[in-house]
Amino acid sequence: MRSEVTGSSVFTIEGNKVAAVKSVADQESKSYTFDEVIDIIGFGRTTLHIFIASSIIMMAVLNETMGISIIIPAAQCDLHLSATDKGLLTGVSFAGIIVSSHFWGYIADTKGRRRTLIVSLMLTAICALVSGLSINYTMMVVMRFLVGVFISAPSATIFAYLGEFFKTANRTVVITYASVAVGLSAVFTASTGWYVLSFSWSLGVPGTELVLKPWRLLFFVYTLPTLIGAVWLVVLPESPKFYLSRGRESEGFAILLRLYLENHPHATVDDFPVKHITPEAGQKDRSAAPKGSGGFWHVANSVWNQTVPLFQRPNVANFTICCVVQFGLFVVSAGMGLWFPDIINRFTTSNVSNATVCEALDVSMRADFEHDLEYGVIIDDEACSDNINERVFMYAITLGGLYTMLYLAMSVLMRMLGRKCLVAFNLFFSGFCGIALQFVVHPYITMALFCSFLVFAGTSISVLNGATVSFFPTNVRAMAVCLSLMMGRLGSVFGSNLVGLIMEENCTLTFNLFATGSIICAALTLVLPS
């Protein structure tokens, strides 16, 4: 009896050992999805640094592309700029972004997000600082075009980089929170411009034609976020999802482990339970693909292979809709937005009471035309003036404040309403405001509707970028964001020129076209996945 009991006890003990060993083996062999790994890592110090650095870089992108509109009026006398020159300088950065978007999308998807961001930000800063030392119009145009070429990379890649440190369900919300920096950028450029340009000092550089003035200093001020973002990225990790998508599992695991240990100060390496990660669709095929040899044709073939998946199922439908909607959003927010100060200035100075915006603009334009006919010769002989009306800064700060508040509100509402419904509502409301402002005669209501028309469309851009990061696999994600934003930049150029062509001839048609564009984009958004 004793032997049976003993034997039974030994069997039980051995059974427990087998169960324990099996449990450890199961845990080590368990394969986690990337979202599950992100849940295990949690949100901590390093993730917070990544979020703040990404926000600063988003701010830098807006500083470099939109800040020039504040500098140009102050620099027009020193650089002898005509109206055509000023128009070209305003848009030449967008031209640089458009022509280089495809290239940077390929580089970010094949060479890494972080490396691409650091190199492009440093090159952007160099070109921006040289812009501040330009001694003539040609030099300024060339440098601003190069700024556009290099800022094209962070303008899209930063969304992929930031999003890949968060689980799929939270990416759009996180990117929307970070996009508050877009509104802060407008406030920053306007307020610092208002302060710096209030001075009138001048300092000649011996032996050169260069004369240092406040507008040149403003280039340095606007470039500070670019330099801060580049330096901060040096100490931050590469996207682990990028490494995993390229078949570089050991490097991806090393970063995930680093994030876990830095987010959990008292944890050890043994506490990290992840040993295997479930690859996303096609990941093994890409990692097993031959590297090939260098040369032009190999690079061209690589770019082709990186682009083609976007135009194949299951990506082609979502990619096409993203591009069309992005085009429409930029047409309204940037195309019409570039004319916002001029339109509001005309509206408020028309001295017409109880008039709609189009009626006030018609009166203002006819007055300007008659004034030019009567005093054109005298105007040509007048001394150049580089003074900027303070209302320009006030309008920009107001718009920036509206953007900031709406981004914060959207970050909260998105969890309740969902990404698709929120964007669709924004665009429907934007279109409604664009139509309604043509029938309102109260000036404050008109300006409120005009601001809402622009801001509700503009804030949807970052939400759509966040959605784009979630729609596409890691290996083509940066390419998808870059190309969709390229279509957006084309939309801004198209929209701005369209306003210039038809606003004077038919103001009502102009607003109706732009408002209809917002409503069409809202309908297309509803087709996208939730």
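The values are calculated or read from the model by the stated rules, or taken from the named source; none is laboratory data. None of the values given here were measured: they were computed from a predicted structure. Reconstructed Cβ throughout: ideal geometry from the backbone, glycine too, with neighbour counts over all protein chains shown. Heads up: the accessible areas ignore ligands, DNA and RNA and are worked out on the full protein's heavy atoms, side chains in. Shrake-Rupley method; radii C 1.70, N 1.55, O 1.52, S 1.80 Å.
One line per residue, one yes/no per condition, for (1) surrounded by 14 or more Cβ atoms within 10 Å (Cβ to Cβ); (2) assigned to a helix (DSSP H, G or I):
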position: Ala190; (1), (2): yes, yes
position: Trp194; (1), (2): yes, yes
position: Trp201; (1), (2): no, no
position: Arg216; (1), (2): yes, yes
position: Phe220; (1), (2): yes, yes
position: Ile228; (1), (2): yes, yes
position: Leu233; (1), (2): yes, yes
position: Leu236; (1), (2): yes, no
position: Tyr243; (1), (2): yes, yes
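Applying a threshold of 7 Å to beta carbon distances and a minimum spacing of six or more residues, or different chains, the list of pairs starting in region 501-522 at a residue that is of a type in the set (S, T, N, Q) and ending at one that is in a loop (DSSP other than H, G, I, E, B) reads Thr508/Gln438; Thr510/Met503.
Given the structure, is Tyr395 open to solvent by 10 Å² or more (accessible area, probe 1.4 Å), of a type in the set (Phe, Trp, Tyr) and touching a Pro at 6+ places or on another chain (Cβ under 6 Å)? Talk me through it step by step, then tell me what you get.
Numbers: open to solvent by 10 Å² or more (accessible area, probe 1.4 Å): yes; of a type in the set (Phe, Trp, Tyr): yes; touching a Pro at 6+ places or on another chain (Cβ under 6 Å): yes.
Yes; evaluated as a whole, the condition is true for this residue.
The number of residues in region 300-326 that are open to solvent by less than 70 Å² (accessible area, probe 1.4 Å) and modelled with pLDDT under 80 comes to 9.
Residues are listed down the side, and each one gets a yes or a no for (1) open to solvent by less than 30 Å² (accessible area, probe 1.4 Å); (2) within 24 Å of Val308 (Cβ to Cβ); (3) of a type in the set (A, V, I, L, M); (4) not in a helix (DSSP H, G or I):
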position: Gly466; (1), (2), (3), (4): yes, no, no, no
position: Ser484; (1), (2), (3), (4): yes, yes, no, no
position: Ser492; (1), (2), (3), (4): yes, no, no, no
position: Val499; (1), (2), (3), (4): yes, no, yes, no
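Within region 127-156, restricting attention to residues that are open to solvent by less than 50 Å² (accessible area, probe 1.4 Å) and of a type in the set (S, T, N, Q), the residue that is nearest to Thr223 (Cα to Cα) is Ser131.
Do the conditions hold for Val476, that is, is it modelled with pLDDT under 85, part of a helix (DSSP H, G or I), of a type in the set (A, V, I, L, M) and in contact with a Leu (Cβ under 7 Å, 6 or more places away or on another chain)? Steps first, answer last, please.
On the way: modelled with pLDDT under 85: yes; part of a helix (DSSP H, G or I): yes; of a type in the set (A, V, I, L, M): yes; in contact with a Leu (Cβ under 7 Å, 6 or more places away or on another chain): yes.
Yes; evaluated as a whole, the condition is true for this residue.
Could you tell me whether region 436-444 includes any residue that is outside any helix (DSSP H, G or I) and among the polar types (S, T, N, Q)? Yes, some residue in region 436-444 is outside any helix (DSSP H, G or I) and among the polar types (S, T, N, Q). Consider region 92-126 and keep the residues that are among the aromatic types (Phe, Trp, Tyr) and over 21 Å from Pro225 (Cα atoms). The one that is surrounded by the most Cβ atoms within 10 Å (Cβ to Cβ) is Tyr106.
Go through the residues of region 37-50 one by one and say whether even a single one is modelled with pLDDT under 80 and not in a loop (DSSP other than H, G, I, E, B). There is no residue in region 37-50 that is modelled with pLDDT under 80 and not in a loop (DSSP other than H, G, I, E, B). Just one of the numbered conditions (1) in contact with a Leu (Cβ under 9 Å, 6 or more places away or on another chain); (2) over 19 Å from Tyr403 (Cα atoms); (3) of a type outside the set (S, T, N, Q); (4) touching a residue at least 60 places away in the same chain (Cβ under 8 Å) is not true of Glu209: (1). Within region 426-454, the residues that satisfy the criterion of being in contact with a Ser or Thr (Cβ under 8 Å, 6 or more places away or on another chain) and open to solvent by less than 10 Å² (accessible area, probe 1.4 Å) are Asn426, Leu427, Ser430, Gly431, Cys433, Gly434, Leu437, Thr446, Phe453, Leu454.
With respect to (1) closer than 20 Å to Ala178 by Cβ; (2) buried (at least 16 other Cβ atoms within 10 Å of the Cβ); (3) touching a residue at least 40 places away in the same chain (Cβ under 8 Å), the lone exception for Leu256 is condition (1).
Filter region 259-272 down to the residues that are open to solvent by less than 30 Å² (accessible area, probe 1.4 Å), in contact (Cβ under 8 Å) with a residue 24 or more places away in the chain and either in a loop (DSSP other than H, G, I, E, B) or in contact with a Ser or Thr (Cβ under 7 Å, 6 or more places away or on another chain) (or both) and list them by number. Working first, answer last.
To start, the set of residues in region 259-272 that are open to solvent by less than 30 Å² (accessible area, probe 1.4 Å) comprises 259-260, 263, 267, 272.
Now restrict to residues that are in contact (Cβ under 8 Å) with a residue 24 or more places away in the chain: 259-260, 263, 272.
Correct list: Leu259, Asn263, Phe272.
Table: residues versus (1) under 16 Å from the mean Cα position of the chain (by Cα); (2) open to solvent by 40 Å² or more (accessible area, probe 1.4 Å); (3) touching a residue at least 24 places away in the same chain (Cβ under 8 Å).
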position: Ser54; (1), (2), (3): yes, no, yes
position: Leu62; (1), (2), (3): yes, yes, yes
position: Gly67; (1), (2), (3): yes, no, yes
position: Ile72; (1), (2), (3): no, no, no
position: Gln76; (1), (2), (3): no, no, yes
position: Leu79; (1), (2), (3): no, no, yes
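With respect to being of a type outside the set (Ser, Thr, Tyr) and closer than 22 Å to Val173 by Cβ, Ala448 falls outside the description.
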